[in-house]
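The values are calculated or read from the model by the stated rules, or taken from the named source; none is laboratory data. Given the structure is predicted, the values throughout are model-derived calculations rather than measurements. Note: ideal-geometry Cβ built from the backbone for every residue, glycine included; neighbour counts use all protein chains shown.
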Amino acid sequence: MIGGSSAAKGSIDADRRSFGRWALAPSLIVLLLVAGLPTLYLLATSLTPYQFVNPGSSTDFSAPLRNYRLLPGDPRFVNSLWVQAKLSFWGVLFQVLLGMLLALLLNVNSRFVEFARTFFLIPMVLPPIVVAVIWKLIYTPDISPLYYAASLLNFTMPSLTSSVDFALTAIIIADTWEWLPFTFLMVLAALQTIPDEYSEAALVDGANALQIFFYVTLPFITPILVISGMFRLIDSVKAFPLIFLLTGGGPGSVTEVTNYYAYLLAFDFNEIGYSSAVTVVLLLLVLAVSLGVIWMGRRREAMV
Amino acid sequence: MLVVLLSPFLWLLQMSFKTNDLILQFPPPLFFAPTLEHYRALLSSAFSASFLNSLLSASFSTAFALLLGVPAAYALSKWKGGSRHALGFAILATRMAPPIAFTIPFFLFYRWIGLLDTVTGLVLVYTSFNLPLVIWMMQPFFETLPPSLEEAALVDGARTRTVFLLIVLPMVAPGIAATAILCFLYAWNDFFFALILTRTNARTAPVAVVNFMNYEGWEWGKIAAGGSLVMAPVLVFSLAVRRYLVSGLTAGAVKG
Amino acid sequence: MTGRKSTHNFSRRRLLQAGAATLGAAAFPMPAIAQTKPFAGVTLNGASFQHRFFTLLQNYIPEFEQQTGMKVNLQLSAFPVYNQQANLELSSGGSAFDFVNVTFILAARWVAAGLLTNLDEFTSDPNLTPAEWNPKDFVEGAQVPYRDAKGGTYGYSWEGGAMVMGLSRMDLMEKKGLKIPKTFAELQQVCAEINGTEGVNGMVSFQLHHWNLPPYMQGFGGNVFRNPPSDIMPALNTTQAIQAVEYYANLLKNYAPRGVITYTEDQARQAVLTGRANIFIHSSAWVTPILLSEESKVKDTSRVVRMPAGPVADRPASNSQGLGIPKNAKNKKAAWEFIKWAVSPEISMRLVKEHGHSSICRRSIIESEAYRKLNTVNGQDLGALYLEVLELPAKGDNYMAYRTVKEFPIVGDVINKSFEQVVTGQATAAAAMNAAQEQAIANLRRAGTNL
């Protein structure tokens, strides 16, 4: 019987492995083709001065590092990195803080609140271009209720999206509105795993609400705050529809993030080679942050 | 508070029901006789075709992504190897990259093959980018299954394939449903790929909304109505699957 | 007698034959007609951005399809979307379109990069183009962007943009005893005086600074390039250029509505149509609505005149939109047939008469009675004004040559960004333009131009 079952087990394993190979292979092939090939193409193109209108430039590898050498000297590129940094920093900060606040306020066990909570998701699931349209409506002086309200209060509000000082802020506001639900959901989930005994014990010890928050709640949710912040950081690099519709990168280059600059280079100026180099740099940065997320997630798993 | 937070979204909705001169009126009236003229205009124009394109490309890509990804996720969940993490990371990385990284090669390739401005082309792109999502989302579901049921069936002589189809799949059905909806959402909401890879035949709804921003004046009413229509399916579906949204968006890196 | 009879018979036979043929044709009309339709079975693909011209043309396209037997598939998209898609398609050598709209922003690039078909081969062939079609009938200023260095023509214009000045509040000006400004200095004065009166802005403009600024640059004696089209070294940091930037930025900073640098043309037009702004300097198609449009609230208080002249030169800009055939188009003959028809004298006249669309580019039509009648309002002959500005580049120095430089979009973009910095106070004119000059040179070099 023992000999029989181990032989049987051997064939089960073999069958399992073969199933596994068949199940995995198509996906791997697709991923390799779809993600691998274009990435190689991107890398290769970033080594050429490829422009559509210059025939032969797509295979011109004579000066492979030309694009990369031009990058630091390109004020628009450097500026785009700064803009991206500002957008990501402030955006993530507000999203995390406000999301946390919202979660704390709405961490109530009532049917009504739970029902209402689902509506908070709306900004996050809307198509990003619709979010851009919504905010375009709000930021266009002629038809915006915001400007009307300002004029009622005898307060002349400058057109936010064409103001140097406020254009980026306007984008940050729209971006925060769109992604608040994300951090809100994550923090809420974490809050609901905090055992009640902790805060009850603290209350018994005479702590007030603020102290409970700082010494009980915060330590619990800090990892979640960090992780949701990092996810938003990575995603913030993809910001496109908002900038495309609201400011076009302007006024000047005040809202031109690296992703948008690469888009302009490729599709308006048709400088494919240079745009690829910009994209490669962006990808490397994103990769670095992603690695950080994985590492932190791994650490947290190890701790729990 | 909900109203305050959602007010921009509500503003779009109410604008889609205003007539054109009311829209441009300053001060903007809050109470007015609603009109369906923008919606009617949209339905009889090319917009309905773009809506259909969105529907087709999102549905088919979701189906294909599931077809390829669910078995792969199952296989991965059984795999004990160390390179599993590397693969996982590679999958995550494809979701993290901005679309611009892939558009030029796709554009050139599609042009060469003739897939530009076709729904098929879009389906291919969306499938490829939802595949990692499917694998990533379904893995935890498979991992949390008690292995005893499968083991029992296998010992009884069933092939892995049968076990997978008849025993495992039904148990993770809710996960599949949630993943399907998320894939649909991502494909439906896409703007960048549709912008670059389509012209007028395969234009999807999000790009069509932008098309109302004419040289000679933005048609605000139509834009508002179009925007409202584009987000309708999304709202319906996501409200149905809200529990899984967080894990879908964090690609499962956090057990939430 | 036999001879005569045979002649009779001969002619009767002929008659019978003719009769049989006609009967036969009448009995089977389709094949006979199909034989005379030269393009039966051809589907023509064309694209443009949404514009009234095409919406109007679409009314007539069924007739064209009837005549030629081809099916016309005209795809219209939003302006930025169309330009980007067409540019991508053409510069990557695509053949999805048989005819395209050659937008003025991209005309020079497409012509210089050889992305369009030379249309002279069609116009010089009398079998393809009858003499009455007369390529020389097109106004010079409108055709300049479609010519290459050797004088070949790559597009035919369907809309001309002649830069003129519209004043919507002559009532306010008369109240203050102001005359229509004829120089830059007077322009500034008038703007200053009107601005703020009854909530009216002195002037309004819009976001395409690389279109609005060069006339001032040239008015002060400068230019975008040193000596286009041969010497394309940018000339953005000359004293004259800086002067022009200071001047125009000053106008926008102090006398224009807030947010004006991101205004679209439509927003600017709205501002003058409602009388909220007084002066608007732009193509006649955008300015004349203050006199001609039903929406205009300022019909009785408007004037449209030449824009003011600079201290050194008088250089109102002109541009045009045209139709062209991509280099790799599949149905070039059919495409030419369509273009020929769309900008023919007949269609142009019909557009004027039946729809009041007056920015067409054929001199014969513009100088016609019908046109004059429709476009003379309140004693102002808009047609003559339009023609005057459009023909200016042909009389002597072709000052619009900067537009025909294929690198102009690159430099234009730098101008846009730098100008916005000056208006928003981020930089002085001198600093911004010096930086712009460096940036433009760097960008041109990176794009492979030898400077």
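Answer with yes or no whether A:A149 is more than 14 Å from chain C (Cβ to nearest Cβ), free of Cβ contacts under 8 Å to residues at least 60 places away in the same chain, part of a helix (DSSP H, G or I) and out of contact with any strand residue (DSSP E or B) (no Cβ under 9 Å at 6 or more places or on another chain).
Against the criterion (more than 14 Å from chain C (Cβ to nearest Cβ), free of Cβ contacts under 8 Å to residues at least 60 places away in the same chain, part of a helix (DSSP H, G or I) and out of contact with any strand residue (DSSP E or B) (no Cβ under 9 Å at 6 or more places or on another chain)), A:A149 qualifies.
Just one of A:L242, A:L180, A:L282 is touching an Asp or Glu at 6+ places or on another chain (Cβ under 7 Å), more than 14 Å from chain C (Cβ to nearest Cβ) and surrounded by 21 or more Cβ atoms within 10 Å (Cβ to Cβ); which is it?
A:L242
Which one of the conditions (1) at the interface with chain B (Cβ under 8 Å from one of its Cβ atoms); (2) touching a residue at least 40 places away in the same chain (Cβ under 8 Å); (3) surrounded by fewer than 18 Cβ atoms within 10 Å (Cβ to Cβ); (4) not small (G, A, S) does A:L70 fail to meet, given that it meets all the rest?
Unmet for A:L70, out of (1) at the interface with chain B (Cβ under 8 Å from one of its Cβ atoms); (2) touching a residue at least 40 places away in the same chain (Cβ under 8 Å); (3) surrounded by fewer than 18 Cβ atoms within 10 Å (Cβ to Cβ); (4) not small (G, A, S): (1).
Counting only residues that are out of contact with any helix residue (DSSP H, G or I) (no Cβ under 9 Å at 6 or more places or on another chain) and surrounded by 18 or more Cβ atoms within 10 Å (Cβ to Cβ), which one in the stretch C:65-88 is farthest from the other protein chains (Cβ to nearest Cβ)?
The extreme case among them is C:Y82.
Quick one: A:R298 ticks every box in (1) modelled with pLDDT under 80; (2) within 14 Å of chain C (Cβ to nearest Cβ) except a single one, so which number is it?
(2)
Any residue in the stretch A:15-37 that's over 20 Å from B:W136 (Cβ atoms): show its pairings with residues that are among the small types (G, A, S) at Cβ separation under 7 Å, as long as the two are six or more apart or on different chains.
Matching pairs, first to second residue: none at all.
When you look at C:L106, is it within 14 Å of chain A (Cβ to nearest Cβ) and in contact with a strand residue (DSSP E or B) (Cβ under 7 Å, 6 or more places away or on another chain), yes or no?
no
If you check C:A285 against the conditions, is it under 17 Å from the mean Cα position of the chain (by Cα), in the same structural domain as C:G199 (by TED's automatic domain parsing), assigned to a helix (DSSP H, G or I) and touching a residue at least 40 places away in the same chain (Cβ under 8 Å)?
It is true that C:A285 is under 17 Å from the mean Cα position of the chain (by Cα), in the same structural domain as C:G199 (by TED's automatic domain parsing), assigned to a helix (DSSP H, G or I) and touching a residue at least 40 places away in the same chain (Cβ under 8 Å).
Going through the stretch C:88-102 one residue at a time, which ones are within 13 Å of C:S48 (Cβ to Cβ) and in contact with an Asp or Glu (Cβ under 9 Å, 6 or more places away or on another chain)?
Hits for the stretch C:88-102 are C:F97, C:V100.
Where residues in the stretch C:368-382 are without any contact (Cβ under 8 Å) to a residue 24 or more places away in the chain and in a helix (DSSP H, G or I), which of them is surrounded by the fewest Cβ atoms within 10 Å (Cβ to Cβ)?
It comes out as C:E369.
Could you list, in sequence order, the residues of the stretch A:41-54 that are within 9 Å of another protein chain (Cβ to nearest Cβ) and free of Cβ contacts under 8 Å to residues at least 12 places away in the same chain?
Selection gives A:Y41, A:N54.
Those residues that are exposed (fewer than 15 other Cβ atoms within 10 Å of the Cβ), without any contact (Cβ under 8 Å) to a residue 40 or more places away in the chain and outside any helix (DSSP H, G or I), I need them from the stretch A:183-213; list them, please.
A:T193, A:P195, A:D205, A:G206, A:N208 - these are the residues of the stretch A:183-213 that are exposed (fewer than 15 other Cβ atoms within 10 Å of the Cβ), without any contact (Cβ under 8 Å) to a residue 40 or more places away in the chain and outside any helix (DSSP H, G or I).
At least 1 residues that are over 20 Å from A:G91 (Cα atoms) in each: list the helices (runs of 4 or more DSSP H) lying fully within the stretch A:214-304 that qualify.
Result: A:218-236, A:258-267, A:272-303.
Six or more apart or on different chains, Cβ atoms under 7 Å: show the pairs whose first residue is in the stretch C:95-108 and not assigned by TED's automatic domain parsing to the domain that holds C:A329 and whose second is of a type outside the set (A, V, I, L, M, F, W, C).
From residues that are not assigned by TED's automatic domain parsing to the domain that holds C:A329, there are no pairs.
Looking at the stretch C:198-208, is at least one residue in contact (Cβ under 8 Å) with a residue 60 or more places away in the chain, more than 19 Å from C:I281 (Cβ to Cβ) and either in a helix (DSSP H, G or I) or of a type outside the set (S, T, Y) (or both)?
Yes - at least one qualifying residue is present in the stretch C:198-208.
Could you tell me which residue of the stretch B:86-126 is modelled with the lowest pLDDT, considering only residues that are within 19 Å of A:F52 (Cβ to Cβ) and among the aromatic types (F, W, Y)?
Looking at the filtered set, the residue picked out is B:W112.
Can you tell me which residue in the stretch A:245-263 is farthest from the chain's Cα centre (by Cα), limited to those that are among the hydrophobic types (A, V, I, L, M, F, W, C) and modelled with pLDDT of 85 or more?
Per the criteria, the residue is A:A262.
So that you can scan it fast, the table gives a plain yes or no per residue for (1) under 29 Å from B:T198 (Cα atoms); (2) in the same structural domain as C:S359 (by TED's automatic domain parsing); (3) out of contact with any Phe, Trp or Tyr (no Cβ under 6 Å at 6 or more places or on another chain):
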residue: C:L116; (1), (2), (3): yes, yes, no
residue: C:P130; (1), (2), (3): no, yes, yes
residue: C:M173; (1), (2), (3): no, no, yes
residue: C:L178; (1), (2), (3): no, no, yes
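Please list, ordered by first then second residue, the pairs with beta carbon atoms under 8 Å, 6 or more apart or interchain, first in the stretch C:435-451 and within 15 Å of A:S57 (Cβ to Cβ), second assigned to a loop (DSSP other than H, G, I, E, B) and among the aliphatic types (A, V, I, L, M).
C:R445/C:L451
Could you grab me the full set of residues in the stretch C:401-433 that are modelled with pLDDT of 85 or more and in contact with a strand residue (DSSP E or B) (Cβ under 6 Å, 6 or more places away or on another chain)?
Across the stretch C:401-433, the qualifying residues are C:Y402, C:V411.
Tell me the residue from C:W341, C:W336 that is in contact (Cβ under 8 Å) with a residue 40 or more places away in the chain and within 16 Å of C:F53 (Cα to Cα), please.
After applying the criteria, what remains is C:W341.
Could you please tell me which pairs satisfy a Cβ distance under 6 Å, a separation of 6+ or placement on different chains, a first residue in the stretch C:44-64 that is under 21 Å from C:N328 (Cα atoms) and more than 10 Å from every other protein chain (Cβ to nearest Cβ), and a second residue that is in a strand (DSSP E or B) and β-branched (V, I, T)?
Qualifying pairs under 6 Å: C:L44/C:V72.
Rundown of residues vs (1) among the charged types (D, E, K, R); (2) not assigned by TED's automatic domain parsing to the domain that holds C:V139, yes/no style:
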{"residue": "C:L351", "(1), (2)": "no, no"}
{"residue": "C:H355", "(1), (2)": "no, no"}
{"residue": "C:R372", "(1), (2)": "yes, no"}
{"residue": "C:A384", "(1), (2)": "no, yes"}
{"residue": "C:I410", "(1), (2)": "no, yes"}
{"residue": "C:I415", "(1), (2)": "no, yes"}
{"residue": "C:Q421", "(1), (2)": "no, yes"}
{"residue": "C:T424", "(1), (2)": "no, yes"}
{"residue": "C:L451", "(1), (2)": "no, yes"}
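Just to be sure I understand, how many residues within the stretch C:413-451 are outside any helix (DSSP H, G or I) and either surrounded by 21 or more Cβ atoms within 10 Å (Cβ to Cβ) or among the β-branched types (V, I, T) (or both)?
3
Just to verify a result, which residue in the stretch C:139-160, among those that are in a loop (DSSP other than H, G, I, E, B) and either of a type outside the set (D, E) or not assigned by TED's automatic domain parsing to the domain that holds C:L90 (or both), is nearest to C:S230 (Cα to Cα)?
C:A149
Looking only at the stretch A:117-136, decide whether some residue is at the interface with chain B (Cβ under 9 Å from one of its Cβ atoms) and either more than 24 Å from the chain's Cα centre (by Cα) or surrounded by fewer than 18 Cβ atoms within 10 Å (Cβ to Cβ) (or both).
Yes, the stretch A:117-136 has at least one match.
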